[in-house]
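Each remark here refers to the structure printed beneath this line.
The values are calculated or read from the model by the stated rules, or taken from the named source; none is laboratory data. None of the values given here were measured: they were computed from a predicted structure. Here the Cβ is made from the backbone with ideal geometry for all residues, glycine too, and neighbour counts use every protein chain on show. The accessibility values were calculated without ligands, DNA or RNA, using every heavy atom of the protein model including side chains. Shrake-Rupley method; radii C 1.70, N 1.55, O 1.52, S 1.80 Å.
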Amino acid sequence: MKSWPEVLTFDVVGTLIDFESGMVDFIRAHCGPAGQTMDREAFLAAYGAAHDRAGTLLFPDDMVPVYHILAEQFDLPRDNAIAKAFAQDARNWKPFPDTVAALKRLSKHFKLVAMTNCQRWAFAGLEKSLDCPFFDTVTVDDALCEKPDPEFFAFTRGRLSRDGIVKDKILHVAQSQFHDIGIAREMGYCVCWIERRQGLEGYGATIAVEEATIPDYHFATLAELADFMDEKALVAATA
């Protein structure tokens, strides 16, 4: 490891929270036969493409126009109430099965900080499902911009500097190549890619990139990162 970090900063949706399953489960439950029979991977890829052109609304409010785009493509109900419920349901998405336990293990070694493009009203529900493990949380409401805008990272770094934490002591952990890994690497951060879709084709519901950025660390799950950090901490303690 380049330098033992003091802080792990986390993307939330897609890294800690299984938003793909959350969206698909909502569509299957609320959109009738068309929702129940739609192809999961086709829907996720279409969501990623639609989200990339959804306009200027903040996440997850931008899921309302995204739903209407997807309704046309997958013959889902053209219902604004369902579109709004689709967005509101973001606060109820669940963590990946390994997330909560892995965060508890990582919190023994590091301060954990959330960096999320979610608005705080939605993040409040997600944080509760994660057992509120964070030393600090930065939402789009705080930063007034969305990743991959470098200003989001600069805002977070400024907050952490109040506690004497410098960039070299931060490891940024994320799933999205587009929103996190590429820009964090460009800005000189040490980065860990949690490739939640390892073994699957494409980028799913995440906006695709032409070429993936090579991270400092690369795991398929957060549990693997926790295993790695536990081992490093044990070696350091016994050295």
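All other residues with a Cβ under 13 Å from the Cβ of R28 taken together, and with Lys, Arg as +1 and Asp, Glu as -1, what is their net charge?
Once all neighbours under 13 Å are counted, the net charge is -3.
Between E231 and K108, how many nm apart are label points set 7 Å from Cα along the C-beta direction?
It works out to 1.6 nm between the two label points.
How much length is gained on full extension from F135 to D216, taking 0.36 nm per residue of separation minus their Cα-Cα distance?
Gain on extension, F135 to D216, equals 26.8 nm.
Mind checking the dipole of the chain: about its Cα centre, +1 per Lys or Arg Cβ, -1 per Asp or Glu Cβ, Debye to the nearest 20?
Roughly 680 debye for the chain.
Enter the angle in degrees (range 0 to 90, nearest 10) between the Cα long axis of helix 120-129 and the first principal axis of the Cα atoms of the chain, meaning the one along which they spread out most.
The helix 120-129 is inclined about 70 degrees to the chain.
Semi-axes of the stretch 97-177's equivalent ellipsoid from the Cα gyration tensor, sqrt of 5 times each eigenvalue, largest first, rounded to whole Å?
Sorted largest first and rounded, they come to 19, 17, 12 Å.
Which loop-located trypsin sites (Lys or Arg not before Pro) does the stretch 1-109 contain, where loop means any DSSP state but H, G, I, E or B and the Cβ has at most 16 other Cβ atoms within 10 Å?
K2, R53, R78, K108
Averaged per residue, what accessible surface does the chain expose to a 1.4 Å probe, in Å²?
Result: 45 Å² of accessible area for each residue.
I need the phi-derived Karplus couplings for the stretch 188-204: 6.51 cos²θ - 1.76 cosθ + 1.60, θ = phi - 60°, integer Hz, Gly and Pro marked x.
Karplus values, whole Hz, x for Gly and Pro: x, 7, 6, 10, 10, 8, 8, 8, 4, 9, 4, x, 9, 7, x, 9, x.
Given the stretch 177-239, report the % of alpha carbon pairs whose separation exceeds 16 Å.
54 percent
Counting only helical runs of four or more DSSP H residues, what would the 222 nm mean residue ellipticity of the chain come to if each run contributes -39,500 (n - 2.57) and the total is spread over all its residues?
Values: 11 runs with 107 residues, N = 239.
Estimated from H runs of four or more residues: -13000 deg cm²/dmol.
Compute the whole-percent fraction of alpha carbon pairs in the stretch 131-239 spaced more than 16 Å apart.
66 percent
Which residues in the stretch 74-111 place their backbone N less than 17 Å from a point set 7 Å from the Cα of Q36 along the Cα-to-Cβ direction?
Counting only backbone N, you get 75-77.
Accessible area of the chain with a 1.4 Å probe: how many percent of it is carbon plus sulfur? Present the calculation step by step, with values, prior to reporting the outcome.
Numbers: 5650 of 10830 Å².
The C+S portion of the solvent-accessible surface of the chain is 52 percent.
Could you work out how far apart the two model spin labels at R78 and E146 are, taking each label as a point 7 Å from the Cα in the direction of the beta carbon, and quote it in nm?
Output for this residue pair reads 2.5 nm.
Report the Stokes-Einstein translational diffusion coefficient (µm² s⁻¹, integer) for the chain, Rh taken as the Kirkwood radius over Cα pairs, at 4 °C with viscosity 1.567 mPa s.
70 µm²/s
Across the Cα atoms of the stretch 60-199, what radius of gyration and what greatest pairwise Cα-Cα distance (Dmax) are found, in Å?
Both quantities, over Cα of the stretch 60-199: 16.7, 53 Å.
Starting from the exponent 0.38 and prefactor 2.2 Å, build the expected Rg for the stretch 48-136 from its residue count and divide its actual Cα Rg by it.
That works out to 1.30 for the stretch 48-136.
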